[in-house]
Each structure stands twice: as C-alpha cells, then as structure tokens.
Amino acid sequence: MTGHISAIEKMAEENIRKWITATHARERLTEGPLRDNVGPYIAVSRETGAGGSAIAHRVAEKLAWDVLDKQIVDYLASRYQTPRSLVEFADEKQISWIEDTFSSWIENQQFTSATYTYRLAHLLLLAAYHGNVVIVGRGARFILPRARGVSVRILAPLDFRIEQVLLREGVSAKVARQMIEDSDRQREVFVKKHFRVDASDPHRYDLVINVGKLVKEDAADLIVDAARSWMKKSGVSIAKS
C-alpha cells in the first residue's frame, strides 16, 4: 500500500514539474494573453467531509487527465524552499496578522498568506495552461478564467459529512462536527479575503452536486458528462501536448 501511495505522489510531482518547466508555458506567460490559452480544466470546490477530493481523483481517472490536489503543498514548499509546516499553515486558510507574523518569525521565513496565494495562483495558471487537469480547491475557480473550464461544487448534508469524517479520522461525532465547521469556515474566509467572493454561493459554479444520496462514482460520472458536453458545445479542444 505504501509503495502504491509513493508511486502516486511521485507521478503527481512529475506532472507539476512538467508544467513548470514546459518552455511553451513559460513563453505564453510573458508573450500572449494567457487567459485565452488555458484549459480545458475542471475546478472542484468542496465542503469538508463531502468527498470532493476522492470524486475529483475519480474524474481525472475517467478522463485520463492530471489531478492537482494535496501535492500543491509539497511542490510549493520544495520550489520556494519554504518549510512545509508554513505552507500547510497557509493552505486554504485565512491567517490573522499576529499568527502570520509569529509563524514567519519562528521559521525565520518571509512568508505570508499573500505570498502563498501569489505562488499558488502562478502554479494553477501554469497547470491550467497545460490543460487536461482537475484542480481541487485552493480557489481555482476564482483564479482561472471561467470560460476555459468547468467549475464544480461538491456538498452534502452536515450529518452525512460528520459520519464521513468520523469514519475517516476515528474521532467522536462532536469532534468531527467541530473539524468540519472549522475547516469550512477557514476555506470560506480564505476565498472571501483573497478573491472577494462567497465560496458557498451556488451561482459561482457551473455544476453543484449534493452527494448525500449519490455514490462517488455517480457524482464523478455527472462531472465527466458535464465537462464533455461543455467542451463539445464550446469548441474547446483537448489541450496541447
């Protein structure tokens, strides 16, 4: 099992480095309107405990696309020689000025939530320019041009989400509920501060799926069908190699 996970992580890291080092991507960032040349991509926003990450990975498998998820933290830490703990500290979270300052001081790093967001946006743009990518969270829907991809919001009733976190983390229902509320609040405040929008507003997304009565496979199929339909209708082709 460990070997399988390591292989997946290695593949993800290779994908990210492929995007970053691609000559045509670097040229496009400086020469032309990047906004007109990204995609196709799928941006998956999710409520904590709704299984959005697992669904996103399944979508990527079905489309034979790359997926960009938790490995974002590892790449940003490695690329900018920033302690992983600092990147995790800022990942999809709103940090108060005192926490931000204290964290930077304690690690002897010039690193703030704004620094994280800037570097994150650069990575997501490069990934989206490469195309054929499913991006999980991190405000991707609000960084990338909407016309060049499909944005999805995965949600579920609170009781359903509590049960999922309870099973996954082995904690009590009370602790699971607190974890969900804290995580949801952090993500929503992060998006509101950096992108000035409400992440929970369904009108911000092309597709909203309540997985309370669906299995993950069905949810993934809905997203795949929607993406293929959009590409056919809009004339967006599969990305360049």
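The values are calculated or read from the model by the stated rules, or taken from the named source; none is laboratory data. Just so it is clear, the structure is predicted and the values come from calculations on it, not from any experiment. Note that each Cβ is placed from the backbone with ideal geometry, even for glycine, and that neighbours are counted across all protein chains shown.
Here are some notes:
- You will find that of A227, A199, A220, the residue that is in a loop (DSSP other than H, G, I, E, B) and either over 19 Å from the mean Cα position of the chain (by Cα) or crowded, with 17+ Cβ neighbours inside 10 Å (or both) is A199 and no other.
- Residue within the range 22-40 that is modelled with pLDDT of 90 or more and surrounded by 13 or more Cβ atoms within 10 Å (Cβ to Cβ) present: yes
- Pairs with Cβ under 6 Å, 6+ apart, first in the range 121-135 and touching a residue at least 60 places away in the same chain (Cβ under 8 Å) and closer than 20 Å to M231 by Cβ, second of a type in the set (S, T, Y) and outside any helix (DSSP H, G or I): A128/Y41; V133/Y41
- The conditions of being farther than 15 Å from D66 by Cα, modelled with pLDDT of 85 or more and among the aliphatic types (A, V, I, L, M) are not met by I135.
- Selected residue [over 19 Å from the mean Cα position of the chain (by Cα), of a type in the set (A, V, I, L, M), within 28 Å of E61 (Cα to Cα) and in a helix (DSSP H, G or I)] from I180, I162: I162
Let's see how each residue does on (1) in contact (Cβ under 8 Å) with a residue 60 or more places away in the chain; (2) of a type outside the set (V, I, T); (3) closer than 21 Å to D221 by Cβ; (4) in contact with a Gly (Cβ under 7 Å, 6 or more places away or on another chain):
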{"site": "T48", "(1), (2), (3), (4)": "yes, no, no, no"}
{"site": "S53", "(1), (2), (3), (4)": "yes, yes, yes, no"}
{"site": "A60", "(1), (2), (3), (4)": "yes, yes, yes, no"}
{"site": "L63", "(1), (2), (3), (4)": "yes, yes, yes, no"}
{"site": "D69", "(1), (2), (3), (4)": "yes, yes, yes, no"}
{"site": "Y75", "(1), (2), (3), (4)": "yes, yes, no, no"}
{"site": "R84", "(1), (2), (3), (4)": "no, yes, no, no"}
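- Output for the range 202-217, where each listed residue is under 21 Å from F142 (Cα atoms) and either of a type in the set (A, V, I, L, M) or in a loop (DSSP other than H, G, I, E, B) (or both): Y205, D206, L207, V208, I209
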